[in-house]
Amino acid sequence: MNLSDIRFPRALEADHTAEDIRRALMARTATLEPGGELVVAVITMSDPLKKALQAAGLKGRIRYGLDPIMDRLESEAKGIANVRERQRAPYGDRVSRLLLFSNDGAGRFYRQIERLLLAHAPRVFGCLLDIDSIALGQLLTGKNRTIKLLMAEHKEAVSEILRTMA
C-alpha cells in the first residue's frame, strides 16, 4: 500500500488533518523484514499516542494478539463481502482498523502481519511502533504483560490515534 494513497476515516479528511498525518507517516518508513515487500510507517511512542491508546483501551476499542485479530478480521471480511454482494456498493475502501506492532518481533511474526495487511488493505492499516513488546504491554495494561500486536477497532479510536501521529 502506498502511504500517499491512503484513504483515512472521513472525520480526518473533513477536518483537514489527513494530509498532515500522511506526511508524518511518510517521514520514517521501513520494511517489516529484509526483502519484505510492504513498507510501513515507523512511529515513535509519544505522550499523546500513549494517552490515545490508553483511552481506546478503556473504551474497549483495542484488541490484542495475533490470533484474535486474525479471527476478527476474517469475520469482518466475510460480513463486508455479504454487504457488497447484497448492495452492489463499494464498502471498506477507507482505513477503519489500525494495526500497531512492537519492534521486537521475529521474522515469522512480521510475515504474518504483512500477509494480514495485504489481505485486508485498504481497510486495515499498520504501523511499526518504535517500542518493544514488554514496554508496550506495561504501557497499555500497567502490568508485566507482553503485547506485540494490537488493533484499534473503532473508527473514532482509529482517528484519535492517527491524529496523534501528525
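The values are calculated or read from the model by the stated rules, or taken from the named source; none is laboratory data. Treat the numbers as computed from the prediction; the structure is a model and nothing was measured. So basically every Cβ, Gly included, is an ideal-geometry build from the backbone, and we count neighbours across all protein chains shown.
Listing for the model above:
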quantity: Pair list, Cβ under 8 Å, 6 or more apart: the stretch 1-19 residue without any contact (Cβ under 8 Å) to a residue 40 or more places away in the chain and closer than 20 Å to Ala121 by Cβ, other residue crowded, with 16+ Cβ neighbours inside 10 Å and basic (Lys, Arg); calculated: Leu3/Arg22; Ser4/Arg22
quantity: Criterion: under 30 Å from Ala135 (Cβ atoms) and surrounded by fewer than 18 Cβ atoms within 10 Å (Cβ to Cβ) - qualifying residue of Asp93, Asp104; calculated: Asp104
quantity: Test: residue in the stretch 95-107 that is under 21 Å from Gly36 (Cα atoms), β-branched (Val, Ile, Thr) and touching a residue at least 12 places away in the same chain (Cβ under 8 Å); calculated: no
quantity: Residues of the stretch 108-144 satisfying the condition of being assigned to a loop (DSSP other than H, G, I, E, B) and either in contact (Cβ under 8 Å) with a residue 24 or more places away in the chain or touching a strand residue (DSSP E or B) at 6+ places or on another chain (Cβ under 6 Å) (or both); calculated: Ala121, Pro122, Arg123, Asp130, Ile131, Asp132
quantity: Members of the stretch 73-90 that are surrounded by 15 or more Cβ atoms within 10 Å (Cβ to Cβ) and not aliphatic (A, V, I, L, M); calculated: Glu76
quantity: Count of the stretch 28-53 residues which are assigned to a helix (DSSP H, G or I) and over 15 Å from the mean Cα position of the chain (by Cα); calculated: 3
quantity: Considering residues of the stretch 35-63 that are touching a residue at least 12 places away in the same chain (Cβ under 8 Å) and over 18 Å from Ala135 (Cα atoms) only, the residue surrounded by the most Cβ atoms within 10 Å (Cβ to Cβ); calculated: Val40
quantity: Condition met for Ile147 (in contact with a Gly (Cβ under 8 Å, 6 or more places away or on another chain), more than 24 Å from Ala18 (Cα to Cα), outside any helix (DSSP H, G or I) and in contact (Cβ under 8 Å) with a residue 24 or more places away in the chain); calculated: yes
quantity: Hits in the stretch 73-91 - residues which are assigned to a helix (DSSP H, G or I), at pLDDT below 95 and either hydrophobic (A, V, I, L, M, F, W, C) or touching a strand residue (DSSP E or B) at 6+ places or on another chain (Cβ under 6 Å) (or both); calculated: Ala77, Ile80, Ala81, Val83
quantity: Residues of the stretch 3-27 classified as surrounded by fewer than 16 Cβ atoms within 10 Å (Cβ to Cβ), touching a helix residue (DSSP H, G or I) at 6+ places or on another chain (Cβ under 8 Å) and in a loop (DSSP other than H, G, I, E, B), total; calculated: 1
quantity: Residue count, the stretch 115-145 (criterion: of a type in the set (Asp, Glu) and within 17 Å of Tyr64 (Cα to Cα)); calculated: 1
